[in-house]
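Asker: First the structure, then my questions, so here it is.
The values are calculated or read from the model by the stated rules, or taken from the named source; none is laboratory data. Quantities reported herein were computed from a predicted structural model and do not represent experimental measurements. Backbone-built Cβ (ideal geometry, glycine too); neighbour counts: all protein chains shown.
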Amino acid sequence: MNGPRTFGPGAMPDHAGLASAKVRERMVNRVRELGVRDSRVLDAMRVVPRHLFVDEALASRAYEDTPLPIGQGQTISQPYIVARTIELAIEGLRDPQKANVLEVGTGCGYAAAVLAHVVGGVVSIERVRALHERARENLRALRLPNLRLVFGDGSRGVPQAAPYDAIVAAAAGDAIPPAWIEQLKTGGRIVAPVGVDEQQLVVAHKDESGKLIRSGKEAVRFVPLRGGIA
């Protein structure tokens with residue numbers, strides 16, 4: 001990877017105001033105020049056009065720091081949560097631009113696009129066919145060669161592309177699935193919401209014995225992690 005990618009004049013719909021750097025910078029400033037400090041993450045947030053990933057009717061709210069519905073009972077996560085999750089994921093990586101990262105829960109594809117600007121390779125899996133297809137369409141114009149989309153059960157990971165330096169999740173289960181632990185490199189980390197009624201964003205490191213050392217970071221609210229495909 002050679003740094004943040006830019007998008008040519010024909011790469012986005014005609015939303016001149018939303019495509020402006022000023023609008024996106026306000027979002028980045030808000031994310032920074034909330035505590036995200038990694039410049040690589042902030043730079044990626046600046047260049048990925050979030051308005052491409054929301055419904056046309058909600059485009060005017062695309063750069064607010066809030067989740068928005070994307071259909072199928074799912075949401076695009078608020079920008080702060082996207083940035084914080086990625087920041088936590090790359091903190092322990094020696095060279096993020098050489099890292100292989102699994103994202104569980106593609107949704108509309110926004111977080112995958114931001115992540116693809118920060119790490120060497122991203123495999124993103126989505127269990128809902130309609131969302132998988134929507135993400136593929138959303139991402140087409142961005143031409144991210146280091147991002148691979150997979151339709152399947154995210155709770156099982158993507159073993160054929162393992163091992164992973166990091167795994168990030170956009171859905172909360174009551175525990176971290178064993179498949180993720182198996183597919184994570186020794187020394188790698190999982191960043192995922194854990195819990196049912198009360199969720200917490202958890203960072204889990206895999207030690208030399210294969211066990212996870214966990215630490216909770218902050219209270220969050222995500223959609224539930226489900227198995228199977230839909």
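Asker: Any idea which residue in region 176-216 is modelled with the lowest pLDDT, counting only those that are hydroxyl-bearing (Ser, Thr, Tyr) and within 16 Å of GLY92 (Cβ to Cβ)?
Answerer: Across region 176-216, the extreme among qualifying residues is SER215.
Asker: Can you name the condition, by its number, that ALA179 falls short on among (1) touching a helix residue (DSSP H, G or I) at 6+ places or on another chain (Cβ under 7 Å); (2) surrounded by 22 or more Cβ atoms within 10 Å (Cβ to Cβ); (3) in a helix (DSSP H, G or I)?
Answerer: (2)
Asker: For region 87-109, state whether one or more residues are crowded, with 20+ Cβ neighbours inside 10 Å and in contact with a His (Cβ under 8 Å, 6 or more places away or on another chain).
Answerer: Yes; the residues of region 87-109 include at least one that is crowded, with 20+ Cβ neighbours inside 10 Å and in contact with a His (Cβ under 8 Å, 6 or more places away or on another chain).
Asker: Restricting region 41-74 to residues that are of a type in the set (Val, Ile, Thr) and touching a Phe, Trp or Tyr at 6+ places or on another chain (Cβ under 9 Å), which is surrounded by the most Cβ atoms within 10 Å (Cβ to Cβ)?
Answerer: Result: VAL48.
Asker: Here are the criteria: (1) modelled with pLDDT of 95 or more; (2) within 20 Å of HIS132 (Cα to Cα); (3) not aliphatic (A, V, I, L, M). Tell me which single one GLN74 does not satisfy.
Answerer: Of the numbered conditions (1) modelled with pLDDT of 95 or more; (2) within 20 Å of HIS132 (Cα to Cα); (3) not aliphatic (A, V, I, L, M), the odd one out for GLN74 is (1).
Asker: Name every residue in region 151-188 that is within 16 Å of LEU225 (Cβ to Cβ) and free of Cβ contacts under 8 Å to residues at least 60 places away in the same chain, in order of residue number.
Answerer: Of everything in region 151-188, those that are within 16 Å of LEU225 (Cβ to Cβ) and free of Cβ contacts under 8 Å to residues at least 60 places away in the same chain turn out to be GLY157, VAL158, ALA172, GLY173, ASP174, ALA175, ILE176, PRO177, PRO178, ALA179, ILE181.
Asker: Same structure, new question: If a residue must be closer than 16 Å to ALA111 by Cα, of a type in the set (Gly, Ala, Ser) and part of a loop (DSSP other than H, G, I, E, B), how many such residues does region 140-174 contain?
Answerer: Residues meeting the conditions: 3.
Asker: From the list GLU137, GLU133, which residue is in contact with a strand residue (DSSP E or B) (Cβ under 9 Å, 6 or more places away or on another chain), modelled with pLDDT of 95 or more, part of a helix (DSSP H, G or I) and surrounded by fewer than 16 Cβ atoms within 10 Å (Cβ to Cβ)? Explain how you work it out, then say what you get.
Answerer: Working: GLU137 fails: in contact with a strand residue (DSSP E or B) (Cβ under 9 Å, 6 or more places away or on another chain).
Selected residue: GLU133, the only one of GLU137, GLU133 that is in contact with a strand residue (DSSP E or B) (Cβ under 9 Å, 6 or more places away or on another chain), modelled with pLDDT of 95 or more, part of a helix (DSSP H, G or I) and surrounded by fewer than 16 Cβ atoms within 10 Å (Cβ to Cβ).
Asker: Of all residues being over 17 Å from LEU34 (Cα atoms) and outside any loop (DSSP other than H, G, I, E, B) in region 208-228, which is nearest to the chain's Cα centre (by Cα)? Just the residue, please.
Answerer: The extreme case among them is PRO224.
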